[in-house]
1. Rank these residues by their accessible area, most exposed first, probe 1.4 Å: Thr51, Thr174.
2. Give, in nm to one decimal, the length gained when the segment between His143 and Ala18 is fully stretched (0.36 nm per residue of separation minus the Cα-Cα distance).
3. Ordering Asp154, Asp70 by accessible area with a probe of 1.4 Å, largest first, what comes out?
4. Rank His143, His19, His89 by accessible area, highest first, at a 1.4 Å probe radius?
5. I need the Debye-formula profile for the stretch 94-183: one equal scatterer per C-alpha, no solvent, reported as log10 I(q)/I(0) at q = 0.22 1/Å, two decimals.
6. Taking θ = phi - 60°, what integer Hz values does the Karplus form 6.51 cos²θ - 1.76 cosθ + 1.60 yield along the stretch 9-21, in sequence order, with x for Gly and Pro?
7. Which of the listed residues, Ala149, Asn136, Ala113, is farthest toward the dipole's positive end in the stretch 85-167, when Lys, Arg count +1 and Asp, Glu count -1 at the beta-carbon?
8. How far apart, in nanometres, would the label points at Lys109 and Asp49 be if each is projected 7 angstrom from Cα along the Cα-to-Cβ direction?
Amino acid sequence: ARVEIANPDFKLKPGMYAHAVIRVPVGRVIELADAGDDRATASAVRTVDTTALVRAYLALNAAYVEDRVDAKAAESLLQHAQSLVAHGHGTVAEKAKAVVEFAKQLNEKDLQAQRGILKSLNEPMIQMLRAAPPANMKLFVVHCPMVNAEWVQDAPEVANPFMGSEMPKCGMVTGTIESGAVAESEQFATGYYCPI
């Protein structure tokens, strides 16, 4: 690749080697309305509110941390995910559909079975929330090496829904999800160029 850079002091000479870090601003991806929609224009953006879904999800996780099931929270999670399938678009609708399929499986299962389902549910949930973070909420993505799973919580102190009272603090925060704020590590894609 040809790269032109300023060299006002003539410190760079022909034939010299250099190490370079390429920083490409990625920013936040905004999904546009479907092109097939007659009412849509190229700049039309549909916003999706995931706040209600997140509250239901957090209530369900809080119950698991206390070693209990919460049928009301599971039903609320299912209803809000179904709403996002119906009214969402793109990645949000796709991931919400996966959340719906896993949330349906929670019905009338015991705690251990629900924790197993939660492990599968969390991947599309996290991807959806990264695409459409809830307004005015900061979420923390946490990883537990004991069960090799991630989940989302609204506080930086670890509260493990998989281990419950057995090991409530097992895990570590690996990232954040926040509306309107993009961390430096998430904002830039880093690559390396080898001149040889």
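1. Highest to lowest solvent-accessible surface, that is Thr174, Thr51.
2. Full-extension gain reported as 41.2 nm.
3. Result of the area sort, largest leading: Asp154, Asp70.
4. His19, His143, His89
5. Each listed q corresponds, in turn, to -1.15.
6. Each residue of the stretch 9-21 in turn: 9, 6, 6, 8, 10, x, x, 6, 9, 8, 9, 10, 10 Hz.
7. Result: Asn136.
8. Going by the 7 Å Cα→Cβ label model, 3.0 nm.
The values are calculated or read from the model by the stated rules, or taken from the named source; none is laboratory data. Computed from a predicted model, the values in this text were never measured in an experiment. Please note: Cβ atoms are built from the backbone with ideal geometry, for glycine as well, and neighbour counts cover all protein chains shown. Note: accessible area is taken over every heavy atom of the protein model, side chains too, but ligands, DNA and RNA are not part of it. Shrake-Rupley method; radii C 1.70, N 1.55, O 1.52, S 1.80 Å.
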